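Written out below as structure tokens is the structure these notes cover.
What follows is calculated from the coordinates using simple rules that are stated; it is not laboratory data. None of these values were measured; they are calculated from a predicted model. Cβ sites come from the backbone with ideal geometry, for glycine too, and all protein chains shown count toward neighbours.
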Amino acid sequence: MNVIFVMLPLALALAGLFVFLCLRAINAGQYDDLDTPALRAVFDDDEAA
Amino acid sequence: MSPELATPVAPPGAPARRAVEALACAHCGATVPPARRSEAPAYCCSGCEAVAAILRAQGLDASYYHVLERTRAGDAPAVPARPTERTYAELDEPAFQAQHVKPATDALARVELYLEGVHCAACVWLVERLPRVLPGVAGSRLDLGRQIATVTFDPAVVRPSQLARALDGFGYPVHPSRGAVARDARRREDRAALSRIAFAGAIAGNVMLLSFALYGGAFAGMEARFEAFFRWGCLLLTVPSYLGPGRVFLRGALGALRAGGVHMDLPIAIGLTAGMVGGAWNTIAGAGEVYFDAVAVLIFLLLAGRWLERRAHRRASDAAELLAALAPTTARRLDGAGVREVSIETLRADDLVEVRAGDPLPVDGVVETGASSLDLSLLTGESAPRTVGPGERVHAGTLNLTARLVVRVTEAGEDTRVGKLARLVEEHARRRAPIVRLADRLAGRFVLVVLLVALVTVVAWALLDPARAIDNAVALLIVTCPCALGLATPLAVSVAVGRSARAGVVVKGGDVLERLARPGRLWLDKTGTLTEGKTRLLDWTGPDALRRDVLALEAHSAHPLARGFQDAWFDELAAAPQATACDGAVTRGEAGLEGAVAGRRLRIGSPAWVLEASRAPAWAGPWVDRQLLQGRTPVLVAQDGLVVGAAAFGDRVRADAVEALARLRARGWRVGILSGDHPDVVLSVGRQVGVPPQDCLGGSTPEAKVERVTHDLLGGPVVMVGDGVNDAAALAAATVGIGVHGGAEAALGAADVFVTRPGLAPVADLLDRADAALATIRRNLALSLAYNLVGATLAVTGMITPWIAAILMPLSSLTVIFSSMRQGGRS
């Protein structure tokens, strides 16, 4: 069970990385507008044609 | 989705549909007035026709109507588009550019524009197709909630005014988005709140995992070194959450204490601190219980609850800011040399200003030369244009529609009517006393009781078993930390606000529902609120055959009354569209018009003007008087010098008004009418909807409305329901201001609540819903207090353990969540 002394800090470091990425996404503005992107999903991709 | 493209969905307006829905506008789906039913795709107004033509010319029409069809909620017609034909020249001024146009990349610039009238997926789609319409536009993004379009463009190719004209052409009038500083601050706040939730959430999850190991250890036994390791892990994880995101509650509690009040944050901060300090002490000492999981989860849940509540009424736009944006910032001054574009600040009284057709008026003043019609809808919410000529007063913020005017300045900038109204709105919004919310009132007593019980616990256990005194008191403070209590209001409010938004009632403030708890006075504006705000034919006396002749003559007039005739007698028009020829129709200004129809001279107009040249039968005089008494506009029809017919026009009371008012009164509200219209008209409408004469106040200026509302506030809560900018200040001053469907956007900005479907029933629905929400808040508070009572009893008797606390807390929060979801009221 001594492995827990290594695994736990490792797991927490991994969690920390994800928290950091999430904070970066928030501050890059990805969560600024939570309504409009949902509507864009219904548009057909006619631009590509 | 290529299959859908292969079988193009017919836009509403294609032949197959037209047969069925001949009366629906091919663009917005509103009813098409008969006068406009001749051409193949019928449009309800020139605005829709213009927008549809632009869409067709750009090849955007099929997809636009496709998106509109797929996303339209129910059968509600879209808000009619209203291109304004403004030039937007002010957007090209260096002053505007310096303030609003920001560099995006080396070659591209970016500008944020506030769009009026965007409301659905099809609007998003259309605005974001701007690059296809205008060369030089690199991208266009619409934020629907904030109504802000961010356009990236190449300033060397395209100017901001062209962007604005293109968006206006789609039917979305553009306002420079002022208050960029305030908006940036809000954006930073939002991001900070989300970051706090993310951080607190991650920590809560991880602390919970470690705590499960500790619970396991508590039952099955655990080596001391593992237990110490897990405890230290929890401590090291929880400290950043407490000092980081948790600081919100500590700061809130301190602020409330300093201000001498009590706030929900206080009991929360006490609980969090007790858990943190007690847990840290026990971890270092290596004995006693730790409650880190409770602390970490509390912080996360409470932050998430508050964020939900804030998000539920996000749409608020700064009212005063928008009002000021209605008037342009520059004017075209006439001096000896010619026309010069100058900023508003440099204008003085008696300067002459040129206003071209399509431009908004920059100042208040008197028309010097020229005759034109003005669109007053921004100022009053009134739909019919008003004709003006030399000597008449005109106001900033109205729109010059048809011809060039020269205006002698009387007031500019802040001193204009719009400027003063903006100040009034601001003043009253600021002065409004904040209400002490139910949960906060409860928090005060709650803190007192918990601290007293904690004191008793310490003293009692000090006598019984001194070693456990502090531990039990800490346990008490943490289990009574009001998680469910803190969530009770935000959850109930966000569910109620979300449901009412889906039902077409947008609530902007969290405390609005609580403000509506006690019934008081309810003032309704008349035009557009209680009535339809449109001129209609209400009464007609005369031979049926005459109708066709009247229509033939009225076809030559663009007057609102002419449209009233056409709307009412569509059947006659359809049966024999051009059967009756009309020669030499001449309009006599506002008085009426005359011409030869089927060989006879026909004169239609105001009684005074018609009677100048015609004899009247005995019934005509009393008939006219009776109509005037009812607040209607009488019109006489004379054939070859003899009055043969009479019509009365008026603004019809909304179909659901009587029933809605009855519901409001049944709730205990005292309903009255507060209108700028003539007192007789207001009295007549009051009679129709059952409002007693002493509560029908006509002839009220915007200032008088505010005065009335502030006066009534002394006696209890006041709700103001209105639609125009002339109501804006009263809306801001009232306990709750409600803006109704189709009102001026600035009035909606000043209101706490605005309604997106027509009629007064939504107002009554709102009061029902407020009642239901309040009942839910009370139920939630009672439930969470019951859990606290159980936890407190266990803690005082020394029977609580961390794992019992860890079960109690989420259980109480879940109960509150379910209770909030199940709240009654129509949805």
Notebook entry, point to check: Just counting partner chain Cβ atoms within 10 Å, what average do the residues of peptide B:189-201 show around their Cβ?
Noted result: 4
Notebook entry, point to check: So how far, in whole Å, is the C-alpha centre of the stretch B:651-671 from the one of the stretch B:114-137?
Noted result: 39 Å
Margin query: Which of the three applies to the stretch B:104-154, rounded, prolate or oblate, going by the alpha-carbon gyration tensor with a ≥ b ≥ c and a/c under 1.5 meaning rounded?
Written below: oblate
Check: Residue separation times 0.36 nm, minus the C-alpha to C-alpha distance between B:ALA613 and B:PHE226: what's the value?
Finding: 128.5 nm
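Tell me, B:LEU455, B:LEU91, A:LEU12 in order of fewest to most beta-carbon neighbours within 10 Å? Don't skip to the end; give the middle numbers.
Details: B:LEU455 11, B:LEU91 24, A:LEU12 18.
If I rank by nearby Cβ atoms, fewest first, I get B:LEU455, A:LEU12, B:LEU91.
Per-residue mean of other chain beta-carbon atoms within 10 angstrom of the beta-carbon, peptide A:19-27? Please list the in-between numbers first.
Working: counts 7, 3, 1, 7, 7, 1, 3, 9, 5.
Counting Cβ atoms of other protein chains within 10 Å of each residue's Cβ and averaging gives 5.
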Note to self: Assuming 0.36 nm per residue, please report the length gained on full extension of the stretch B:HIS556 to B:VAL339 beyond their Cα-Cα distance.
What the structure shows: 74.5 nm
Checklist line | Residues of type lysines that B:LYS420 reaches as a straight line, Cα spacing below 30 Å, ignoring anything fewer than 8 places off in the same chain | finding: B:LYS508, B:LYS526, B:LYS534, B:LYS705
Item checked: Nearest 10 degrees, 0 to 90: helix A:4-27 Cα axis against chain A principal axis -> 20 degrees
Note to self: Please list, ordered by chain and number, the residues whose modelled amide H lies under 5 Å from the amide H of B:ILE673; skip anything fewer than 5 residues away on the same chain.
What the structure shows: B:LEU524, B:CYS696, B:LEU697
Notebook entry, point to check: Put +1 on the Cβ of every Lys and Arg and -1 on every Asp and Glu Cβ in the stretch B:201-311; which of B:LEU214, B:ALA280, B:ALA304 then has its Cα farthest towards the positive end of the dipole?
Noted result: B:ALA304
Notebook entry, point to check: Each residue of the stretch B:107-113 in order: what ³J(HN,Hα) in whole Hz does its phi give by Karplus 6.51 cos²θ - 1.76 cosθ + 1.60, θ = phi - 60°, with x for Gly and Pro?
Noted result: 9, 9, 10, 10, 9, 10, 10
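On a full-extension model of 0.36 nm per residue, what is the gain between B:ALA517 and B:THR541, subtracting their alpha-carbon distance, rounded to one decimal in nm?
Working: separation 24, 0.36 × 24 = 8.64 nm, distance 4.89 nm.
Taking B:ALA517 through B:THR541 to full extension adds about 3.7 nm, to one decimal.
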Notebook entry, point to check: Considering the zone a paramagnetic label at B:ALA775 would reach in this model (a point 7 Å from Cα along the Cα-to-Cβ line), which residues of the stretch B:508-548 have amide N under 18 Å from it?
Noted result: B:513-519
Item checked: Modelled label reach - B:THR346, point 7 Å along Cα→Cβ, the stretch B:86-127 residues with backbone N closer than 17 Å -> B:90-98
